[in-house]
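Notes to accompany the following structure.
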Amino acid sequence: MINIGLEDSNRREVTRALNNLLSDEYLLSTKTKNYHWNVAGPHFHDLHTLFGNQYAKLDVFIDEVGERVRALGGNAFGTMTEFLRCTRLQERPEVHPSELAMVEDLYDDHEILLRSLRGSLAGNASLRGDIGTTELLTRAMQEHEKMVSMLQSVLGKHDQLKEWLKAQDAIQREIGIEVLAPAGSAT
């Protein structure tokens with residue numbers, strides 16, 4: 001094994017942490033692809049494009065993490081069994097969420113990953129001692145922050161629309177116009 005200036009125990013700890021991250025990233029990429037393929041609704045085009053851009057970035061990062069594990073002398077996870085055993089994210093099999101629920105789900109997953117990345121960098125001395133891995137994880141945090149910001153913008157627009165509709169209902173009631181409840185809702 002090449003001597004890269006890391007003790008074997010540090011290498012093992014770093015590759016373990018990287019394989020956990022690889023598991024999270026792989027599940028997030030799979031979920032994002034699922035939503036890219038299955039999004040439907042009035043925001044189809046925008047969300048289809050957003051999800052496509054995000055999974056493309058995730059796939060590039062997945063490859064970088066796997067290659068980093070190999071550069072450290074470890075074996076990168078490469079099976080669904082390994083990924084599912086070590087991920088901190090949740091699958092949603094046989095669930096077909098609305099377009100808004102898709103955005104919320106991905107937003108939540110990115111937040112989990114960001115907290116995990118920050119925690120790993122702050123609390124793992126083995127990672128902090130490996131500048132190459134630290135740089136990779138810092139870049140990952142920056143990319144996830146951008147992705148979550150995009151998702152947050154979508155959610156913010158939705159919240160603004162809900163508030164506007166609520167205000168419109170109040171105005172209509174005030175001037176005596178009957179407000180019809182959306183189909184399927186209780187009045």
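Among the residues of region 29-55, which ones are crowded, with 16+ Cβ neighbours inside 10 Å and part of a loop (DSSP other than H, G, I, E, B)? Within region 29-55, VAL39, HIS43 qualify. Apart from one condition, SER120 fits all of (1) open to solvent by 40 Å² or more (accessible area, probe 1.4 Å); (2) modelled with pLDDT under 90; (3) not acidic (Asp, Glu); the exception is (1).
Of ALA40, ALA17, all but one fail to be at pLDDT below 95, within 20 Å of ARG85 (Cα to Cα) and of a type outside the set (Asp, Glu); the exception is ALA17. All conditions in (1) open to solvent by 90 Å² or more (accessible area, probe 1.4 Å); (2) modelled with pLDDT of 85 or more hold for GLN160, with the sole exception of (2). Residue pairs whose Cβ atoms lie under 8 Å apart, sitting 6 or more positions apart in sequence or on different chains, and linking a residue in region 68-81 that is assigned to a loop (DSSP other than H, G, I, E, B) to a partner that is surrounded by fewer than 13 Cβ atoms within 10 Å (Cβ to Cβ) and not charged (D, E, K, R), are LEU72/ILE4; GLY73/MET1; GLY73/ILE2.
Residues in region 74-99 that are modelled with pLDDT under 90 and open to solvent by less than 80 Å² (accessible area, probe 1.4 Å): VAL95 alone.
So if I check each of VAL65, VAL103, which one is closer than 15 Å to ARG16 by Cα, under 18 Å from the mean Cα position of the chain (by Cα) and open to solvent by less than 20 Å² (accessible area, probe 1.4 Å)? Please lay out each step first, then the result.
On the way: VAL103 fails: closer than 15 Å to ARG16 by Cα.
Answer to the check: VAL65.
Could we say that ILE112 is assigned to a helix (DSSP H, G or I), in contact with a Lys or Arg (Cβ under 7 Å, 6 or more places away or on another chain) and among the β-branched types (Val, Ile, Thr) here? Judged against the criteria, ILE112 is a match.
The values are calculated or read from the model by the stated rules, or taken from the named source; none is laboratory data. Remember, predicted model here, so these are calculated numbers, not experimental data. For neighbour counting, all protein chains shown are included, and Cβ atoms are generated from backbone atoms with ideal geometry for every residue, glycine included. Just the protein is used for accessible areas: all its heavy atoms, side chains included, with ligands, DNA and RNA removed. Shrake-Rupley method; radii C 1.70, N 1.55, O 1.52, S 1.80 Å.
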